[in-house]
Amino acid sequence: MKKNSKFESLKTIFIAIFIALLIRSFIAEPFNIPSGSMKPTLLIGDYLFVKKWSYGYSKHSLPFSLPLIKNRIFYTQPERGDIAAFKTPEDNKTDYIKRIIGLPGDRIQVINGIVFLNDIALTKIQINDFIEKDYNNIVEFKLAIKLNIFSNISISEEGEVGVSQFEEFLGNKKYRTLDVHNTSISDNTNIFVVPDNYFFVLGDNRDNSQDSRFQIPGFIPINNLVGKAWIVFFSLENSRFFEIWKWPKAIRYSRIFSLIL
C-alpha cells in the first residue's frame, strides 16, 4: 500500500508539472516588469500574463527555448501597436517587452520625438503629466531638475514629480507615452526600413528605452516573438515580491486583473 501511495503521489506531481508546462508553453506565461521602459503602460512591479497563441509558436514558446520547433507555426502577424514579449536577438535568452510600431516593409524615423511611419507622422497630443511614484526615479529626477538636465519634468507645490505625458495614435490604437527630455539622443534617428520577417519596436517611455532605435536589440526576428501582453494579475509599488510585509501598502489594487492595451 505504501509503495502504491508513493507512486500515486509521484504520478500526481508529474501530471501537475506536465500540465503547468503545457499551459506555460501554449496558453499563457507569467512575466514581471523590472524596468520603466514601458511606463506609463506597464510599471515596475507589474506581474502579467502573455498570451502564447497570439502569434503562433516557435522554439521560444517552449521552456528553455528547447529547439523542438524549427520555424514558427500557426503564425498570425502582430498588429501595429501590440505590446509583445520577445527574446532579444543578441543572446536569444533575455526577455524584453515593447510595443510593435513597424511591420515588415515599413519605413520608420523619429524626428524631434515624433514617430514617422511610412513618412506620415503619428499624432501625438500632450495630456496631464504622469505622476512618478518610483522612489529611485523621484530622487534622480529631483536632482536633475536642480541641475537643469531634464526639460520635461516638474515638481508640484505638493512635491509630486510630474513627467510630460502624451497620447499617441497608431491606426485604431491609442496609448500613452512619456517624454523626459526634448533633445535626447533617441529623439532623432536615421530612417529604418524593416526587413522581411522582422519587427520594429519602441518602449512607451521614449527617452528611457533600449529598443529598435539602437543596435541592441535592433529589429526583432519573427521567431523571437514569445507572445502578446494580455493582463496584469498582480502589481507592487516600491516593493519586491518576497517583501510580503509591505504588500498592504505596496499593492496597486487598481491594476490587478487589468487588461493591457
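Remarks
- Residue satisfying condition, being more than 20 Å from GLU79 (Cα to Cα), open to solvent by 30 Å² or more (accessible area, probe 1.4 Å) and not in a helix (DSSP H, G or I), within set PRO40, PRO30: PRO30
- Looking across region 225-249, the residues that are open to solvent by 10 Å² or more (accessible area, probe 1.4 Å) and touching a residue at least 12 places away in the same chain (Cβ under 8 Å) come down to LYS228, TRP230, ILE231, PHE233, PHE234, GLU237, ASN238, SER239, PHE241.
- Of all residues making up region 110-148, the number that are over 17 Å from PRO40 (Cα atoms), out of contact with any strand residue (DSSP E or B) (no Cβ under 6 Å at 6 or more places or on another chain) and of a type in the set (S, T, N, Q): 2
- Residue in region 133-151 that is among the acidic types (Asp, Glu) and open to solvent by 20 Å² or more (accessible area, probe 1.4 Å) present: yes
- Applying the criterion of being aromatic (Phe, Trp, Tyr) and part of a loop (DSSP other than H, G, I, E, B) to the residues of region 69-127, the residue that is surrounded by the most Cβ atoms within 10 Å (Cβ to Cβ) is TYR75.
- Checked against the criterion of being over 17 Å from ARG213 (Cα atoms), assigned to a loop (DSSP other than H, G, I, E, B) and among the basic types (Lys, Arg), region 54-68 has no qualifying residue.
- Looking only at residues of region 155-193 that are within 18 Å of GLN210 (Cα to Cα) and within 20 Å of the chain's Cα centre (by Cα), we find that the one that is most open to solvent (accessible area, probe 1.4 Å) is ARG176.
- Only one of the numbered conditions (1) open to solvent by 50 Å² or more (accessible area, probe 1.4 Å); (2) of a type in the set (Gly, Ala, Ser); (3) more than 28 Å from SER239 (Cα to Cα) is violated by SER35, and that is (3).
The values are calculated or read from the model by the stated rules, or taken from the named source; none is laboratory data. A quick note: this is a predicted structure, and the numbers were derived from the prediction, not measured. All Cβ positions, even for glycine, are placed from backbone atoms using ideal geometry, and neighbour counts span all protein chains on display. The area values use the complete protein model at the heavy-atom level, side chains included, leaving out ligands, DNA and RNA. Shrake-Rupley method; radii C 1.70, N 1.55, O 1.52, S 1.80 Å.
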